[in-house]
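Colleague: A single structure is presented below for examination.
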Amino acid sequence: MKQFLIFSSLIIFFIISCDVVGIKGSGNVRNVQRETEYFNQINVSGSFEVEVVQDDSNTLVIEAEDNLIPYIVTKVRNNTLFIDTNERISPQEELKVFITVSDLKKVDISGACKVSLKTIEREKLDIELSGASNISVSGKTDEFNLFVSGASKIDAVNFYAKNVNAKISGASRADLNASSNLNADISGASTINYYGDPANIKYNCSGASSLNRR
């Protein structure tokens with residue numbers, strides 16, 4: 001009876017361990033282009049490396065291990081491209097996503113993603129970051145709205161904005177560039193470093209937060 005209990009416990013432990021680790025990547029990386037409907041917003045959750053470039057058309061390419069690609073979910077709903085996984089996976093190589101978009105309005109990132117937005121030019125852009133995500137942005141805009149929480153970081157020094165509205169919390173960091181107006185709400189142990197010479201600056205700092213001119 002004792003041996004049976006030990007054997008049963010080992011089986012249960014093995015099953016639980018496999019579930020925690022998830023589906024292991026094969027090591028064989030391939031690229032797959034996926035058809036998408038029109039989108040002007042992007043929502044990514046999980047652990048992805050994402051590159052977004054503004055272009056004349058919307059395209060989507062997934063680069064991942066061949067046996068994991070079926071578990072990477074990409075769908076468009078209400079003009080938003082959602083990217084996630086529908087199973088617990090254990091990739092041996094980076095999960096990469098390459099996107100071109102003609103008109104980008106908003107980006108929402110959660111988890112532990114690394115995101116690059118390149119040559120983005122539009123009147124207004126909204127970005128929301130949570131978890132431990134990192135994002136870099138280049139281009140220009142009239143209005144830049146930024147919401148950052150957790151331990152996320154954003155490098156937008158080369159994203160030239162006239163007006164910036166930023167709300168930063170947790171232990172986050174934002175490097176921004178504003179030329180006209182900067183409104184900042186900073187809490188926790190967060191930091192905003194701003195570049196440019198905005199004529200109007202309004203800010204509220206609490207906790208161990210700080211606003212620094214560079």
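Colleague: Scan around GLY170 for amide H atoms under 5 Å from its own, H built in the peptide plane at 1.01 Å from N, and keep only partners 5 or more places away or cross-chain.
Modeller: Here GLY150, SER187, GLY188, ALA189 satisfy the definition.
Colleague: Quick one: net charge of CYS205's neighbours, Cβ under 15 Å, K/R +1, D/E -1?
Modeller: +3
Colleague: On a 25 Å Cα-Cα criterion, which of the cross-link pairs LYS24/LYS105; LYS114/LYS140; LYS118/LYS202 come out too long?
Modeller: Flagged as over cut-off: LYS24/LYS105; LYS118/LYS202.
Colleague: Would you list CYS113, CYS205 from fewest to most Cβ contacts within 10 Å?
Modeller: Ascending Cβ contact count within 10 Å gives the list CYS205, CYS113.
Colleague: Continuing with this model, one more query. Whole-Hz Karplus ³J(HN,Hα) for the stretch 34-46, in order, using 6.51 cos²θ - 1.76 cosθ + 1.60 and θ = phi - 60°, x for Gly and Pro?
Modeller: 10, 6, 9, 7, 5, 8, 10, 9, 10, 10, 10, 9, x
Colleague: Over what distance in Å are the Cα centres of the stretch 162-177 and the stretch 60-101 separated?
Modeller: Each part reduced to its Cα centre gives a spacing of 28 Å.
Colleague: Taking amide H positions as placed in the peptide plane 1.01 Å from N, state which residues far from SER136 in sequence (5 or more) or on other chains have amide H under 5 Å from it.
Modeller: Long-range HN contacts for SER136: VAL115, SER116, LEU117, ASP155.
Colleague: While we're on this one: Order these by the 10 Å Cβ neighbour count, fewest first: ARG173, ARG88, ARG122.
Modeller: The most exposed by this proxy come first: ARG88, ARG122, ARG173.
Colleague: If each residue's Cβ is checked for other Cβ atoms within 10 Å, how do SER110, SER179, SER206 rank with the fewest at the top?
Modeller: Listed from fewest to most nearby Cβ atoms, that is SER206, SER179, SER110.
Colleague: Stretched out fully, how many nm does the piece from ASN158 to SER138 gain, at 0.36 nm a residue minus the Cα gap?
Modeller: Length gained between ASN158 and SER138: 6.7 nm.
Colleague: Do the sum for the chain: with -39,500 (n - 2.57) for every DSSP H run of n ≥ 4, divided by all residues, what is the mean residue ellipticity at 222 nm, to the nearest 500 deg cm²/dmol?
Modeller: -3000 deg cm²/dmol
Colleague: Taking the 0 to 90 degree range and rounding to the nearest ten, how far is the long axis of helix 2-21 tilted relative to the main principal axis of the chain, both from C-alpha atoms?
Modeller: Helix 2-21 and the main axis of the chain meet at about 30 degrees.
Colleague: Could you tell me which label, among (1) 36.7, 144; (2) 20.7, 79; (3) 17.6, 55, carries the value of Rg and Dmax of the Cα atoms in Å calculated for this structure?
Modeller: Entry (2).
Colleague: Something else: Each residue of the stretch 48-53 in turn: what ³J(HN,Hα) in whole Hz from Karplus with 6.51, -1.76, 1.60 and θ = phi - 60°, glycine and Pro shown as x?
Modeller: Calculated HN-Hα couplings, in order: 10, 10, 10, 10, 10, 10 Hz.
Colleague: Kindly state, to the nearest 0.05, the FRET efficiency for ASP103 paired with ARG214, given R0 = 22 Å and r defined as their beta-carbon distance.
Modeller: Taking R0 as 22 Å, the efficiency between ASP103 and ARG214 is 0.10.
Colleague: Which aspartates and glutamates, on any chain, are close to LYS153 with Cα under 17 Å apart, when same-chain ones fewer than 8 places away are left out?
Modeller: GLU49, GLU51, ASP108, ASP126, GLU128, ASP175, ASP185
Colleague: May I pose another question? For SER26, what residues show an amide H to amide H distance below 5 Å, using hydrogens built from the backbone and excluding near sequence neighbours?
Modeller: Counting only residues 5 or more places away or on other chains, the set is ASP66, ASN67, LEU68.
Colleague: Quickly work out the SER57-to-ASN79 label distance, labels modelled 7 Å from Cα along the C-beta direction, and quote it in nm with one decimal.
Modeller: My value for the distance between the label points is 2.1 nm.
Taken together, the values in this text are just the output of simple stated rules run on the coordinates, not laboratory data. What you see is a predicted model; the values in this text were computed from it and never measured. Positions of Cβ are generated from backbone atoms using ideal geometry, with glycine treated the same way; all protein chains shown enter the neighbour counts.
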